[in-house]
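The values are calculated or read from the model by the stated rules, or taken from the named source; none is laboratory data. Predicted, not measured: the structure shown is a model, and the values here were computed from it. Note: ideal-geometry Cβ built from the backbone for every residue, glycine included; neighbour counts use all protein chains shown.
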Amino acid sequence: MLVKAGSGALTLGQPNSPGVPADFAKHTLTCTYNDLASVRAAFEQYPQEIACIIVEPVAGNMNCVPPLPEFLPGLRALCDEFGALLIIDEVMTGFRVALAGAQDYYGVEPDLTCLGKIIGGGMPVGAFGGRRDVMDALAPTGPVSTMPPSGGYAFR
């Protein structure tokens, strides 16, 4: 999420998240990409408060920085250890890095995946999918109310 980090050269490193409520930004932690120690430190400081890690598998807004070999599996392990979800943002990498996405290429299994851009073939389309138990928590079948997606849910 770019709620605090800005978008590199595009914003000269200044925060730029129009439309993101200030309270969301206030409750978002940012850690250093490819630095598992910074992620562990955040979990140790807030062990019961971190709901998820949202990460681009290849950091596209930082000049396409690939993950170190241990980074994505390390995030998976930290999420498992602390009971948080791992959400992989495949908007830029989905179907580009590998047919099954960067998560397949780098061998990490997220709890949720976000897709966009290429999935719409030029149309403004996005999709998300994930573990059945997580998807079952969403409306209309689950207790979490969301805006209904335009298409459907994807299960694995």
Point to revise | Among the residues listed as ALA51, ALA59, the single one being small (Gly, Ala, Ser), buried (at least 16 other Cβ atoms within 10 Å of the Cβ) and modelled with pLDDT of 85 or more | key: ALA59
**Study point:** Positions within the stretch 14-45 being loosely packed, with under 14 Cβ neighbours inside 10 Å, assigned to a loop (DSSP other than H, G, I, E, B) and modelled with pLDDT of 95 or more, in sequence order
**Key:** ASP35
Study note, to complete from the structure: Residue set ILE88, ILE119; condition at pLDDT below 90 and either part of a loop (DSSP other than H, G, I, E, B) or of a type in the set (Val, Ile, Thr) (or both); output residue ILE119
Point to revise | Selection within the stretch 57-82 - in contact with a Pro (Cβ under 9 Å, 6 or more places away or on another chain) and assigned to a loop (DSSP other than H, G, I, E, B) | key: PRO57, VAL58, PRO66, PRO67
Practice item. Tell me, please, whether a residue that is touching a Cys at 6+ places or on another chain (Cβ under 9 Å) and part of a helix (DSSP H, G or I) can be found in the stretch 103-116. Key: no
**Study point:** Lone qualifier among VAL55, VAL65 - being within 13 Å of the chain's Cα centre (by Cα) and in contact (Cβ under 8 Å) with a residue 24 or more places away in the chain
**Key:** VAL55
Review point. Name the residues in the stretch 39-66 that are polar (S, T, N, Q) and within 26 Å of GLY94 (Cβ to Cβ), would you?
Key: ASN61, ASN63
Check your understanding: Which one is nearest to PRO57 (Cα to Cα) among residues in the stretch 110-125 that are surrounded by fewer than 17 Cβ atoms within 10 Å (Cβ to Cβ) and in contact with a strand residue (DSSP E or B) (Cβ under 8 Å, 6 or more places away or on another chain)?
Key -> GLY116
Check your understanding: Just one of the numbered conditions (1) at pLDDT 90 or above; (2) more than 23 Å from ALA41 (Cα to Cα) is not true of LEU78; which one?
Key -> (2)
Review point. For the stretch 29-74, what are the residues that are out of contact with any strand residue (DSSP E or B) (no Cβ under 9 Å at 6 or more places or on another chain) and among the β-branched types (Val, Ile, Thr)?
Key: THR30, THR32, ILE50
